Every structure is written in C-alpha cells, then in structure tokens.
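Accompanying notes for the structure given below.
Here, each number is a calculation from the coordinates, and none is a lab measurement. For clarity, every value in this text was computed on a predicted model and none was experimentally measured. Reconstructed Cβ throughout: ideal geometry from the backbone, glycine too, with neighbour counts over all protein chains shown.
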Amino acid sequence: MTTIFRSTKIEFIFDPSKFLGKGTGLGYVLGFPKDISWDLRSNLAPLPPRGVEDPSLNTRAIDSSENGRFAVTGYSRLGSFKAHVRVDPKALSQTPPPYLLEKDAFNNESIRKHWAWVRKVKGQLGVFIEISGVKQGLYDFALDVAMSNQAHDDFADFRTMTAYWSGDAAL
C-alpha cells in the first residue's frame, strides 16, 4: 500500500464559534492523472447542495458515526484506494459530519453557487469538514489515503491532494 497524508492542525487562541460563519471549513481534494470512474463506498453524506442553509449542517458528527470514523473507498479497473477522514475527537461533538464531493458534484451548478471553494478546484473526489462550531483549542483534521500497490502505473502516479480553507471570518 502507498499512503499519503494531508493533515491540518489548527490552534485557535480564541473561540472560533463566535467568529467563523457557518460553512467555514477545510476542503480536501483528490486528483488523479486520468479521468477515472470509481465505484465508491462511503459513510459520508454528499455536500449539501443548498450550502449553509441546508439543515444537515445543524447535525453533529458524533451523531452520524458510531465510532467517529468516516471513510470512502474507491474501486476502479486501474486500482483501489481508501480515504480515512480524521475529525479531531474534541470536534466530533461540535461539527457536522464530513461531506463528500463525487466527480460530478464539482460541476453541479447548485453546489458551485453555494460553495465558493468548489469553483476554485479541480479534482475527482473531495471531502469537506465544516468547523465553524468548534471552541478554543488545538484540533487535528486530516485525510489519509492508502492506495493499492498493484495499481496500474497511471493510477499509482497519483500525487495530488490539496487542502483548501473555505468560509467567512468576522475578525
């Protein structure tokens, strides 16, 4: 297995829930060298197409997963991958569950209208972690991706994982 980590550690010296607007968070985007069709299996909900007005942003991650583990697995003719979305244990009760963007969602006009960061990125798969409700403290969020070693060369050349900050802060 080849493993790639994208970790984002944030220490808030203030109470961000007082300053960050709803829909503020981290977007992790995966890109592959070829346009690959995936058979995806995941316990992640799709990114709400109505943006911050969507009622699902009021749920808490701890209510969405029995053990706080969120993942997506992809299978294709070129190989497979598993992505584990790490939500800081302290943040589980303060944030909505992470959301998934599948390939077609990057071009969905409703999503692009309500989520500005999606207009800025290109990729085949994305994960968004909304963090506007977290309290003061140190948090660790991440996307860990493991890929099969027997993957086709074009797939194994995968090296694109980018993190984006999204949202408004009234600082």
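Considering amide H positions built from the backbone, and no H for Pro or chain starts, which residues 5 or more places from L44, or on another chain, come under 5 Å of its amide H?
A71
Expected output is a single nm value to one decimal: the length gained when fully extending between S37 and Y75, i.e. 0.36 nm times separation in residues minus the C-alpha distance. What is it?
Values: separation 38, 0.36 × 38 = 13.68 nm, distance 0.85 nm.
Length gained, S37 through Y75: 12.8 nm.
Taking neighbour Cβ counts within 10 Å as the exposure measure, how do D15, D140 sort from fewest upward?
D15, D140
Quickly work out the Q136-to-V121 label distance, labels modelled 7 Å from Cα along the C-beta direction, and quote it in nm with one decimal.
A separation of 3.1 nm, rounded to one decimal place.
Taking the C-alpha atoms of segment 80-121, how large are the radius of gyration and the largest Cα-Cα span, Dmax, in Å?
When restricted to the Cα atoms of segment 80-121, Rg and Dmax are 13.2, 34 Å.
From the cross-link list K18/K103; K9/K120; K103/K135, which pairs have alpha carbons spaced over 30 Å apart? Write down the numbers at each step before the final one.
Details: K18/K103 34 Å; K9/K120 22 Å; K103/K135 33 Å.
From K18/K103; K9/K120; K103/K135, over 30 Å: K18/K103; K103/K135.
Using a Förster radius of 35 Å, what is the FRET efficiency between D15 and E53 based on their Cβ-Cβ separation? Nearest 0.05, please.
Efficiency, rounded to the nearest 0.05: 0.90.
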